[in-house]
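Some notes on the structure that comes next.
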Amino acid sequence: MAELRLPFAAGRRAGDDARAPEGLPPSARRATLLAGASCLLPLLLQLPPSIAALITAVGVGIGLLSWRRPLPSALRLLLVLGLVGAVLVLAGFSLGRDTGCALLAAMFALKPSETYTLRDARSLIGFALFGPFATFLLDQGPWSLVLGLAAVVLALATLQRLAEYESRPDPARAAEPALSPGQRLLSIGRLIAIGLPLALAVFWLFPRLSSPLWGIPDRALARPGLSDSMRPGEMVELLNDETVTLRARFRGAAPPTSQMYWRGPVLWNFDGREWTRSRWIQGLPAAPMRAAGNGWDYELEVEPTDTRDFVALDLPRAAPPGARLTLDHNLYTRRPLSTLTRWQLHSAPPASYEPQLRDTLRRMALSLPEGYNPRTLALAQRWRAEAGADDAAIVRRAMAMIRGEFAYTLATPLLGRHSVDEFLFDHKAGYCEHFSSAFVVLMRGAGVPARVVTGYAGGYYNPVGNYWLVRRSDAHAWAEVWLRGRGWVRVDPTAAVAPERIYDTLADRQPGAGGLFGGIAAATPLFNLSDWLRRGWNDFVLGFDASRQQRMLQPFGVDRLDNHKLVLLFVLFASVAGIWMVWLSSRGERERDPVVRAWRALGRRYRRLGLERQPHEPALAWAGRVAQARPDLGESLLRLSQHFSDWRYAGNGPGRREARALRNELVRALRAHRPGPSGERR
Amino acid sequence: MAQAGTTTATARGRLSEWRRRLLALTRPRRREALPARFDRRRIYVLPTGFGAFYGALLATMLLGALNYNNNPALLLALLLAGAGLASLIAAQLQLSGLSIVAIDAEPVPAGQPMTVRVHARAKPDRARRGLRVDDDGALGTGVASLDLDQGAGEAALRLTTERRGWLELPRLRVWTTRPLGLARAWALVWPQAPLLVYPTPEPHGPPLPTGGGDQAVTRLHPAGDDVHHLRAYRPGDARRTIAWKHSARRDILLVREYEQPLGGDVELEWQHLNGLDQEARISRLARWVDEAERDGCRYRLSLPHQPALGPGSGHAHRHACLRALALMPHG
């Protein structure tokens, strides 16, 4: 009946066939390449467009070229070298996580050129599974997750298909009806669902590393964010970026929006064009501050930036574990924020902040580059002469000037050498960078210590989840001046001109447009909901780390999970999940045909009478046997069996509708037949 | 290059040595009566090469994800691991509950491949498709497929035969790599079901000894000349052989049978083949049995220390003779 063939020589033998080089049937090969491509897709979306386009083009080209016959190995080697070189050039030879991922993607793209046997196909799928993995290292957004999950399902479905091919290598003899795509996905879904309890148990309970074994490579291709420097005119890009940068949930009162200044890098040095941070100041201990009022308790959830500092509501009172406060009350973390992090913070508005200014710092806060902005300096010196020793009067005067004569606009001309002069006396329009920069130059010119502070202002309240979210477009720059007796005082010249820019940051502007979900969530309630969902995902999945894991059982009264308790819990849950897996898998598959299902149930009902139908027994023979043993039951069973075998073997009735009606009637009849110890029971 | 080749060969030798030891530990360790049911004590699940690769891949992913505290990557790796584990269980369940109920084969002359049918049964509660049956290369040259349909199925495994007599089956392995190809679930069955191998007929030899004398034996032959007798009609008889007159008289269809005189009974005597050694005698007698059968002669086989078989002809007689020859002690 069955013809025999060698198990592994099959590929080689089929290689004689010109249609399929080396064996793998074209359909399986197509499925393999499709699965590989779907694994590559989310990764490509994260790479810079030029590299992604190159890899896509090469991948598709190679797939087509090598479809019929393998490319010569010399050409393949050339392609590998060429593509690797091109990717390195496009990535600017900066070796980092991004370049690594780009090279990985390039290797995938080349793989189809040598995928002809079962083994090749499997190794392609195996390596392709690194695609979603690498994607998650770069991005954890919803679309990456959805695409990654789809890719994994496809990859597993292809593995299943390859295993079927392995157990039946001869395509001509594949008498078994191939699974339809739907059934295939269903069976993969079943495998994943069965494995899910264990996966989740391990996910929540597997001990996490509290510090990494090896360093996290910096993102070679940096994404925009608050930078350490500010050059007036360059923040526009940031102001148009609607990506969420942090979410804050307050315990107790939240400050009014007008007071939500998320304080970031403090810029001390000005070279005439650019404001920069002073590195050596970072090492000094935090300046003393006295809080006014109780302040705010809040939890900050910071999206990854790959820098080592993050903003906090001013002023943070103390650094949370894992970070420290710099002199300027900036938060500086021990390692780059490459993943979502969460911080418990307490901030308060200062009553006095660094009331004694050291001479070195004072000199720094007054220094201006030589030979820049003569008109501004002249104005400042005039003000100083008029105001005498009253620094506050100078500040008031500058604010009055800005409020009276200036306009807020994002469309600013390119400024020349004397940028502050041009802004103050010629254009009189600009945005936060221009305002803060000019203001600080003016103050320093007048002998008032001043510095530029960058960060975010305002926030958008999401009523669905009761939290605030701050986006990149809320980026802002303002000034701090040092006043005798009070220390550093925040002055926001932009707010004087365009208060709506600060106070109702997002309320008037179209919400959404954050990432790919923007289009879908254009309506505010929908946006609120989707961002809330996103936050939930962040909360439950992305931000789960060693310390959250240890605090996991706090609601149940366990304060802190030690490592050995955690291991114990892990083993316990993993074994329970394992047992559940076995139970789930060993349940038999449900028979699809309701008639056969009812027929088998009927057979089982006779078990109590010792007259169960044997697997080999035809319907009528069994009914005959029963009729001999139990004449009272025999007749109706015989009728049912006849009906059943007619239905099953005599083909279907005239129309679909009639057939279904007949089927339902038969199922009802089969279910109604209940043999009792004496006679049939209804 | 050559050195590398040698190293590989040594490694392979060591591997097969380990394999042999491993197999010696697996159940069953002695022959068993059929039906043999596979339960968890005798089903083994071991990763395939690809499964090991997949495992290494997942380990790398897990380590990377834990190091970067990247939870989506960790979930991905765990999801893949969970599906992989579920596939191991699914592979095991493909075999669990399966019974090998019988093994049979048509006897073949030694030296020819024998097709051994392995009959399997299981509860029809789950699809068992694409199982494979082999004997790990002990006698078989290939792998047979086993699909269970409605709880029953059979595989036809081709084994090589070398010598006449009882063929003791090697341990047969039933295995599958489905559903994902990550692991091979396998179980061994070592049935106590000896299969008969006939002796190899001599390829070229003297003609069949002519039938010895007095009794003229006739063979029924539809095209013969002499009417032998009438018998009842059997489906398939030619219409022209029906005896219409007799049939009309007896009210049932009768058919004329003819016979043709042939030679007498063929005597196949062990004693007459003095000049040959044991195996040569057996193989010549086997050839003669086949020739006599082909020519339609009645023949009698006389072997030492046992009563003569026959005279007779037909399938059963041929089988009896060849079986007796096959079971002659090896010389």
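The values are calculated or read from the model by the stated rules, or taken from the named source; none is laboratory data. Since this is a predicted model, take the numbers as computed values, not measurements. Because the Cβ atoms are built from the backbone with ideal geometry, glycine has one as well, and the counts that use them run over all protein chains shown. Accessible surface areas use protein heavy atoms only, side chains included; no ligands, DNA or RNA. Shrake-Rupley method; radii C 1.70, N 1.55, O 1.52, S 1.80 Å.
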Under 6 Å between Cβ atoms, which residue pairs at least 6 apart in sequence (or on different chains) link something in the range A:316-332 that is in contact (Cβ under 8 Å) with a residue 12 or more places away in the chain and of a type in the set (Ser, Thr, Tyr) with a partner that is part of a strand (DSSP E or B) and open to solvent by 20 Å² or more (accessible area, probe 1.4 Å)?
A:Thr326/A:Tyr332; A:Tyr332/A:Asp309; A:Tyr332/A:Arg324
A:Ser113: passes all of (1) open to solvent by less than 20 Å² (accessible area, probe 1.4 Å); (2) hydroxyl-bearing (Ser, Thr, Tyr); (3) facing chain B (nearest Cβ under 9 Å) but (3)
With the requirement that a residue be outside any loop (DSSP other than H, G, I, E, B) and either hydroxyl-bearing (Ser, Thr, Tyr) or within 11 Å of chain A (Cβ to nearest Cβ) (or both), what does the range B:120-138 give you?
B:Arg121, B:Arg128, B:Arg129, B:Gly130, B:Leu131, B:Arg132, B:Val133, B:Asp134
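Can you spot a residue in the range A:98-107 that is within 10 Å of chain B (Cβ to nearest Cβ) and open to solvent by less than 40 Å² (accessible area, probe 1.4 Å)?
The answer is no, given that none of the residues of the range A:98-107 is within 10 Å of chain B (Cβ to nearest Cβ) and open to solvent by less than 40 Å² (accessible area, probe 1.4 Å).
Results for (1) surrounded by fewer than 14 Cβ atoms within 10 Å (Cβ to Cβ); (2) facing another protein chain (nearest Cβ under 7 Å), shown as yes or no for each residue.
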| site | (1), (2) |
| --- | --- |
| B:Ala33 | yes, no |
| B:Ala36 | no, no |
| B:Pro47 | no, no |
| B:Phe50 | no, yes |
| B:Leu57 | no, yes |
| B:Leu63 | no, no |
| B:Leu66 | no, yes |
| B:Asn70 | no, yes |
| B:Leu75 | no, yes |
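In this structure, does B:Val174 turn out to be open to solvent by less than 20 Å² (accessible area, probe 1.4 Å), within 14 Å of chain A (Cβ to nearest Cβ) and within 23 Å of B:Glu106 (Cβ to Cβ)? Outline the logic, then answer.
Working: open to solvent by less than 20 Å² (accessible area, probe 1.4 Å): yes; within 14 Å of chain A (Cβ to nearest Cβ): yes; within 23 Å of B:Glu106 (Cβ to Cβ): yes.
Against the criterion (open to solvent by less than 20 Å² (accessible area, probe 1.4 Å), within 14 Å of chain A (Cβ to nearest Cβ) and within 23 Å of B:Glu106 (Cβ to Cβ)), B:Val174 qualifies.
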Among the residues listed as A:Arg656, A:Arg671, the single one being open to solvent by 50 Å² or more (accessible area, probe 1.4 Å) and at pLDDT 75 or above:
A:Arg671
If you check A:Arg335 against the conditions, is it outside any strand (DSSP E or B) and free of Cβ contacts under 8 Å to residues at least 40 places away in the same chain?
no
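Conditions (1) away from chain B (no Cβ under 14 Å); (2) closer than 15 Å to A:Phe203 by Cα; (3) modelled with pLDDT under 75, marked per residue:
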residue: A:Phe517; (1), (2), (3): yes, no, yes
residue: A:Asp545; (1), (2), (3): no, yes, yes
residue: A:Gln549; (1), (2), (3): no, yes, no
residue: A:Val571; (1), (2), (3): yes, yes, no
residue: A:Ile579; (1), (2), (3): no, no, no
residue: A:Gly588; (1), (2), (3): no, no, yes
Does A:Ala477 meet the test of being buried (at least 20 other Cβ atoms within 10 Å of the Cβ) and touching a residue at least 40 places away in the same chain (Cβ under 8 Å)?
yes
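Take residues that are of a type in the set (Lys, Arg), at positive phi and modelled with pLDDT under 90 and tell me which of the helices (runs of 4 or more DSSP H) falling wholly in the range A:355-425 contain 1 or more.
Values: elements: A:359-364, A:374-387, A:391-405.
By residue number, no helices (runs of 4 or more DSSP H) qualify.
Any chance you could count how many residues in the range B:271-313 are part of a helix (DSSP H, G or I) and within 16 Å of B:Pro209 (Cα to Cα)?
17
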Odd one out for A:Leu147 among (1) open to solvent by 30 Å² or more (accessible area, probe 1.4 Å); (2) modelled with pLDDT of 90 or more; (3) farther than 30 Å from A:Pro304 by Cα; (4) of a type outside the set (Asp, Glu)
(3)
Can A:Asp328 be described as charged (D, E, K, R), at pLDDT 85 or above and buried (at least 23 other Cβ atoms within 10 Å of the Cβ)?
yes
Could you tell me which numbered condition B:Leu93 fails, if it satisfies all but one of (1) within 7 Å of chain A (Cβ to nearest Cβ); (2) under 30 Å from B:Thr60 (Cα atoms); (3) surrounded by 22 or more Cβ atoms within 10 Å (Cβ to Cβ)?
(3)
